[in-house]
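What follows is calculated from the coordinates using simple rules that are stated; it is not laboratory data. Worth saying up front: this structure is predicted, and the values here are computed from it rather than measured. Neighbour counts run over all protein chains shown; Cβ positions are idealised from the backbone, glycine included.
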Amino acid sequence: MRRSMLFLPGNNPNLLINGNCLGADAVIFDLEDAVSPTEKDAARILVRNTMRYLDFRGCETIVRINSIDTAYWQEDLDTILPCKPNLILLPKTCSAADVLAADEYMTQLEEKLGMEQNTVGLMPLIETALGVENSFRIASASKRVKALFLGAEDLTADLQCKRTKEGREIEYARTRLVVAARAAGVDVYDTPFTDVNDDEGIRVDANLAKALGFTGKASISPRHVEVINEVFSPTEKEVDYAYEVMEAIALAKAQGKGAIALHGKMIDAPIVARAQRTIDMAVALGMGREEA
């Protein structure tokens, strides 16, 4: 389960050592935008040691390496992959070829390290117009791809438009990525809300992302993590209804009925699938019911 992902600058030891207790489902150690060229080597070592010596059980680890059009990305992987992060975040992914290049190098490293192939997953970061248009090809380029991630700041710069809190300028990109990811059978994550002091704004933005079908949302501030987790968690009412749906379906099968209504609404396959996803998440969060 990955509702929230919190960015942590790879050159900030104070944040890195507290990353496992900030409440996020996953932390993203950032070796790219947060780190100047003169600090790349030091950040790599700092992130490697953080992953090597701190306990991140219960919190996934993701590393944003530098993009494959730089001189840094292979050394990033050389240093980080032996620590077995859950995912590598691949910035500025524009095409399936970018994914395949990273995949090929990761496969070589895993073989060299004696690791099972595809031990470490890939999450392409889509932050260009070309990346948005190629999003399905990117999502389906490799079995190593586990999710897509929308990066709105670089995207709006590429689109030559202003980034706003309301987000009208990224409506198309958001829906395009959700459709592409679901079609490819992978998760999809929304861009961070960058005003760290706007507590109402982050709630509105997270609710919108959930309504559009995103799996979860990233954050650049620990302050936003609690709201994101709350929004992307089922409510007690939703959990109760999900169990009602499953009980109704079980009763219909026992009675030999092909269809059944609940609260005046017919229960069909999509409703059952949605209910099962809600129950699965509830169980993961400790909100599930004990079996009789």
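For region 48-112, which trypsin sites (Lys or Arg not before Pro) pass both filters: DSSP loop (anything but H, G, I, E, B) and at most 13 other C-beta atoms within 10 Å?
Details: sites: R48, R52, R57, R64, K92, K112; in loops: R57, K92.
In loop regions of region 48-112 (DSSP not H, G, I, E or B), the sparsely surrounded trypsin sites (Lys or Arg not before Pro) are R57.
Any chance you could give the angle, 0 to 90 degrees and rounded to 10, that helix 96-113 forms with the longest Cα principal axis of the chain?
That works out to roughly 80 degrees.
Calculate for the chain the 222 nm mean residue ellipticity that helices alone would give, adding -39,500 (n - 2.57) per DSSP H run of length 4 or more and normalising by residue count, nearest 500 deg cm²/dmol. Numbers along the way, then the final one.
Numbers: 12 runs with 132 residues, N = 292.
Value at 222 nm, helices only: -13500 deg cm²/dmol.
Using amide H atoms built 1.01 Å from N in the peptide plane, name the residues 5+ places from L148, or on other chains, whose amide H lies under 5 Å from its own.
Amide H neighbours of L148: D187, V188, Y189.
Which part of region 261-277 falls in the paramagnetic zone of Q255, meaning amide N under 14 Å from the point 7 Å along Cα-to-beta-carbon?
Counting backbone N atoms under 14 Å from the label point, the list is 261-267.
Given a cut-off of under 8 Å on Cα pairs at least six residues apart, what relative contact order in percent is computed for region 1-158? The partial results should precede the final answer.
On the way: 283 pairs, mean separation 26.9, N = 158.
For region 1-158, the relative contact order is 17 percent.
Cross-link partners among lysines for K40, C-alpha distance below 20 Å, same-chain residues fewer than 8 apart left out?
The qualifying lysines are K84, K92.
I'd like the distance between the alpha-carbon centres of region 25-66 and region 114-153, rounded to an integer number of Å.
19 Å
Could you list S219, S36, S67 in order of exposure, starting from the residue whose Cβ has the fewest other Cβ atoms within 10 Å? Mind dumping the intermediate values first?
Working: S219 26, S36 9, S67 18.
The fewest-first ordering by Cβ neighbours comes to S36, S67, S219.
Rank the residues M5, M287, M51, M106 as a footprinting-exposure proxy: fewest other Cβ atoms within 10 Å of their Cβ go first.
Values: M5 26, M287 16, M51 20, M106 23.
The most exposed by this proxy come first: M287, M51, M106, M5.
Please give, to one decimal in nm, the separation of the simple spin-label points placed at H263 and R203, each 7 Å out from Cα toward the Cβ.
2.2 nm
Would you look at the GNM of the chain, springs on alpha carbons closer than 10 Å, and say which of G121, G19, G264 moves the most?
G264
Pop the C-beta distance of K165 and D69 into the FRET formula with R0 = 35 Å and round what comes out to the nearest 0.05. Present the calculation step by step, with values, prior to reporting the outcome.
Details: r = 31 Å, r/R0 = 0.88.
Plugging the Cβ-Cβ distance into 1/(1 + (r/R0)^6) gives 0.70.
Would you tally the net charge around C59, using a Cβ to Cβ cut-off of less than 11 Å, leaving C59 out, and scoring K and R as +1, D and E as -1?
On the way: positive: R2, R57; negative: D25, D55, E60.
Summing Lys/Arg as +1 and Asp/Glu as -1 gives -1.
In what order do L251, L8, L177, L159 fall by count of nearby beta-carbon atoms within 10 Å, going from fewest to most? Write down the numbers at each step before the final one.
Details: L251 12, L8 25, L177 28, L159 17.
Ordered from fewest to most neighbouring Cβ atoms within 10 Å, L251, L8, L177, L159 come out as L251, L159, L8, L177.
Stretched out fully, how many nm does the piece from K237 to V272 gain, at 0.36 nm a residue minus the Cα gap?
Details: separation 35, 0.36 × 35 = 12.60 nm, distance 1.60 nm.
Full extension from K237 to V272 adds 11.0 nm.
Fully extended, how many nm does the chain gain between Q108 and R223 (0.36 nm per residue separation, minus their Cα-Cα distance)? Don't skip to the end; give the middle numbers.
Working: separation 115, 0.36 × 115 = 41.40 nm, distance 3.89 nm.
Once the chain is fully extended between Q108 and R223, it gains 37.5 nm.
Exactly which GluC sites (Glu not before Pro) in region 209-292 are in a DSSP loop and have at most 15 other Cβ atoms within 10 Å? Don't skip to the answer; put the middle values down first.
Working: sites: E226, E230, E236, E238, E244, E247, E290, E291; in loops: E290, E291.
Qualifying residues, ordered by number: E290, E291.
Can you tell me, using C-alpha contacts under 8 Å and at least 6 residues apart, the relative contact order of the chain as a whole percent?
On the way: 503 pairs, mean separation 43.3, N = 292.
Taking the mean separation of contacting Cα pairs over the length of the chain, I get 15 percent.
Would you calculate the separation in nanometres between label points at C21 and A284, each defined as 7 Å from the Cα along the Cα-to-beta-carbon direction?
2.5 nm
For an R0 of 35 angstrom, estimate the FRET efficiency from the Cβ-Cβ distance between F56 and L212 and round to the nearest 0.05. Can you show the working numbers first?
Details: r = 29 Å, r/R0 = 0.84.
Rounded to the nearest 0.05, the efficiency is 0.75.
Which FRET efficiency value, to the nearest 0.05, is calculated for D195 and T175 with the Förster distance at 30 angstrom and r the Cβ-Cβ distance?
Working: r = 23 Å, r/R0 = 0.76.
Computed FRET efficiency for D195 and T175: 0.85.
About the Cα centre, and with charges only on the beta carbon of Lys, Arg (+1) and Asp, Glu (-1), how big is the dipole of the chain? Nearest 20 debye, please.
Numbers: 33 positive and 44 negative charges, 139 e Å.
It works out to roughly 660 debye.
So what's the angle, to the nearest 10 degrees on a 0 to 90 scale, between helix 199-212 and the longest Cα principal axis of the chain?
70 degrees
Does anyone have the angle between helix 236-254 and the longest principal axis of the chain? Alpha-carbon axes, 0 to 90°, nearest 10?
50 degrees
Given the options V35, V47, V178, state which has the largest fluctuation in a GNM of the chain using a 10 Å cut-off (strictly under) for Cα springs.
The residue with the greatest mean-square fluctuation here is V35.
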